[in-house]
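> Dumping the structure here so I can ask a few things about it.
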Amino acid sequence: MQRLYSVSDVNEMIKQGKKLILAGEENLLRQLEPGHWIAGTIPYFMSEKGGELNSDKIFVNELPRYIKKIRLNTYRESSISKIYQDGFPGGLSIVIIPASSPIHLSFAINAPNYDNFAMQPLIGWISGINLNQSGQSGAKVFFGENNKILDNGAVAMHMELPQNKYAEIDIVNIFSQGDGDTITFDSNGFSVKDAYINGEKTDFADYIKNSGIDTKLPLVANYAGAMINISFQAIDETEKRVDFYAPVFKGVEYKLAAPVGDYVTEFTRKMPTDDVDNIFFSCNCTLNYLYSELEGKSTGGVTGPITFGEIAYQLVNQTLVYATIRDFE
Amino acid sequence: MEIEKIRKQVWIDTITGKIDCEFEFLALKIVLSRLRLNLKHDSSTEAYRKYIDDLKSLFIRSQKIPSAQNDLKKIIGRGGIQ
C-alpha cells in the first residue's frame, strides 16, 4: 500500500501494529503515535494524481504482511558506517537521512568505503523541507518506536524477507553522458574550485560560465554501465566555487549530461513497465520535480516521496530509485 | 559451486575491465565501479586479493538473484571456469 493518508488514518494504522515507512511535513509527523515506523520530512510526492506538493497528508509505505521481522535503528555519524552490516541476510534495508546534516555529508562521501558496502540491498532518501519555507525549520527524520526526532542522525528499517522472496534495487535515470569534455577532480567533496577538463586544470566556475553550461543538467559518471548523476547546487562566481548536491569523487570521469527532450515521455520510456506491480518502495528527486515541471504529471504509475537525494546503495541525484520484492522462480 | 570454480584471472579481468559486459545487477555495477576506482589508487597484490574477495562475496550473497546469475554467466562466458 503506497499512497497519501491523513494523520488520523496513519495513527490508526500505527495502533494496529502496522510497519510503516512515512514521509510528510514535520508538523504532521509530530502528531503520530509511537509504533513500528520511521519517517522523514518532505512535502513533495509522486501520488496517483502525479507530482504534488501536499502539506496535509502523509505518504505511507506499509510493509507487506509477509515481512514478519524488522529491526529499527538510529545512526549517528559515528555509527552510520555499520549500516551495510546491520541488514538481515537476504533482506532489504531502508534508510532516511536529513538533508545538509553532517551525517548526510559523511554518508555521501564515505559510504563506498564502509564495510559490506553494497553487499546487501540498501535503498533510501534524504529528507527535506518545503522550498518555499527555507530558512525556517530544517530537514528531520523520525524514529517511531519512541517518537525521537533527529536533525543529525539517520533512521533505518531493516527487513527480513521470507526464504522464497528477494529484493532488488534499481534506478531510472533519464540522463546519459553527453559527448563533451571529460571532467575529473582531484579530491572528494560537495564543493570544488578546480576541475581537470580533458586533463587540464581549469577554474571550474569560469569553465561553466564561459561554456554556457545549463546547470539543470547534471554531471554524469558511468559506473560500469549505471549512469550516476551529480547535480549542480550553486555557482559562486565571487568565491570561484561550484557546489553540488552529491559529492564528486577523485578519479571518476564525469561528463555533462546530454540534453533531454520531454521528461515525462523520456521517463515513461525508461520505466520498466513489467516491474511496477512489484515495486515495494520508490522515490524521485526534487530537482526532477522542479526542472521537469512534474506537478500533476504521472511518471509511469510509480508513487513515493520526492526527495532531496536518493539512495540506491549510495547517494545519487536527479534519479528515481526503486526496490522490488519478487518470488524466486 | 560455480563461483569457486572461476579462475582468479577471470576475477582480475572483470575488475580491470578487460572483461566488460553489459551488466544488469545494479549492485554489481556499483561495486565494480568502486573497485575500478580503488584500483587506480592501489594495485598491490594485497589490494587485488581484497578486490577479488569483495566481488566474490557479492556474487555469493546474491547468487539466487536472477540478474546476478545472468551477470555471472556473462563473466563465465567471457572468462571460462577451471
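Where a number appears in this text, it was derived from the coordinates with a stated rule and is not lab data. Everything quoted here is computed from the prediction, not taken from an experiment. Note: ideal-geometry Cβ built from the backbone for every residue, glycine included; neighbour counts use all protein chains shown.
> As I understand it, the dipole of region A:243-317 uses +1 on the Cβ of Lys and Arg and -1 on the Cβ of Asp and Glu, about the Cα centre. Which of A:GLY296, A:ALA312, A:TYR263 lies farthest toward its positive end?
The residue sitting most towards the positive pole is A:ALA312.
> Using Cβ contacts closer than 10 Å as the measure, can you line up A:VAL316, A:VAL260, A:VAL60 from fewest to most?
A:VAL260, A:VAL60, A:VAL316
> Taking R0 as 22 Å, what FRET efficiency do you get between A:VAL276 and B:SER67 from their Cβ-Cβ distance, rounded to the nearest 0.05?
On the way: r = 17 Å, r/R0 = 0.78.
According to the calculation, E is roughly 0.80.
> Report the one residue of A:LEU217, A:LEU287, A:PHE190 whose Cα lies farthest in the direction of the positive end of the charge dipole of region A:171-329 (charges on C-beta: Lys and Arg +1, Asp and Glu -1; origin at the Cα centre).
A:PHE190
> What does the C-alpha gyration tensor say about the overall shape of region A:223-329? Classify as rounded when a/c is under 1.5, otherwise prolate if a/b is larger than b/c, or oblate.
prolate
> So what's the back-of-envelope 222 nm ellipticity for the protein assembly as shown, counting only DSSP H runs of four-plus at -39500 (n - 2.57) apiece and dividing by all residues, rounded to 500?
Result for the protein assembly as shown, helices only: -7500 deg cm²/dmol.
> Total Lys pairs in region A:8-115 closer than 12 Å by alpha-carbon, pairs eight or more apart in sequence or interchain only?
Close lysine pairs under the 12 Å cut-off: 4.
> Place a +1 charge on the Cβ of each Lys and Arg in region B:27-82 and a -1 charge on the Cβ of each Asp and Glu, then give the dipole magnitude about the Cα centre in debye, rounded to the nearest 20.
200 debye
> Semi-axes of region A:1-101's equivalent ellipsoid from the Cα gyration tensor, sqrt of 5 times each eigenvalue, largest first, rounded to whole Å? Don't skip to the end; give the middle numbers.
Numbers: eigenvalues 108, 60, 36 Å².
Here the semi-axes work out to 23, 17, 13 Å.
> Can I ask one more? Which residue, A:ILE123, A:LEU72, A:SER55, has the largest displacement toward the positive end of the dipole of region A:1-124 when charges sit on each Cβ (Lys, Arg +1; Asp, Glu -1)?
Of the options given, the answer is A:LEU72.
> Going by a ≥ b ≥ c, the root eigenvalues of the Cα gyration tensor, does the protein assembly as shown fall in the rounded group (a/c under 1.5), the prolate group (a/b larger than b/c) or the oblate group?
Judged from the Cα gyration tensor, the protein assembly as shown comes out oblate (a/c at least 1.5, b/c at or above a/b).
> What is the order of A:CYS285, B:CYS21, fewest Cβ neighbours within 10 Å to most?
B:CYS21, A:CYS285
> While we're on this one: What FRET efficiency would be calculated for the residue pair A:LYS216, A:SER8, taking the C-beta separation as r and a Förster radius of 56 Å, to the nearest 0.05?
0.90
> In addition: Take every residue in peptide A:114-126, count the Cβ atoms of other chains within 10 Å of its Cβ, and give the average of those counts.
Whole-number average of other-chain Cβ neighbours for A:114-126 is 3.
> OK, next. Label-point separation (nm) for B:THR16 and A:GLU145, each offset 7 Å from Cα along Cα-to-Cβ?
4.8 nm
> So if I place +1 on the C-beta of Lys and Arg and -1 on the C-beta of Asp and Glu, and nothing else carries charge, what would the dipole magnitude of region A:244-329 be about its Cα centre? I want it in debye, nearest 20. Intermediate values should be presented prior to the final figure.
Numbers: 6 positive and 11 negative charges, 72 e Å.
It works out to roughly 340 debye.
> Related question: Where a ≥ b ≥ c are the square roots of the eigenvalues of the C-alpha gyration tensor, would you call region A:61-140 rounded, which needs a/c under 1.5, or, failing that, prolate if a/b is larger than b/c, or oblate?
Since a/c reaches 1.5 but b/c is at least a/b, the shape of region A:61-140 is classed as oblate.
> Related question: Throw me the Rg/Rh for region A:115-248, computed over C-alpha atoms with Kirkwood Rh, two decimals. Can you show the working numbers first?
Numbers: Rg = 18.9 Å, Rh = 18.3 Å.
Computed over Cα atoms, the ratio is 1.04.
> Please report the spacing between the Cα centers of region A:146-179 and region A:188-219 in Å, no decimals.
30 Å
> Taking neighbour counts of Cβ atoms within 10 Å as a proxy for exposure, in what order, fewest first, do A:SER6, A:SER231 appear?
Arranged by neighbour count, lowest to highest, A:SER6, A:SER231 become A:SER6, A:SER231.
> Other chains' Cβ within 10 Å of B:21-27 residues: what's the mean? All intermediate terms of the calculation are to be shown ahead of the outcome.
Working: counts 2, 2, 3, 3, 5, 13, 12.
Mean partner-chain Cβ count within 10 Å for B:21-27: 6.
> Assigning unit charges at the beta carbon (Lys, Arg +1; Asp, Glu -1) and nothing else, what dipole magnitude in debye, to the nearest 20, does the protein assembly as shown show about its Cα centre?
My answer is approximately 1240 debye.
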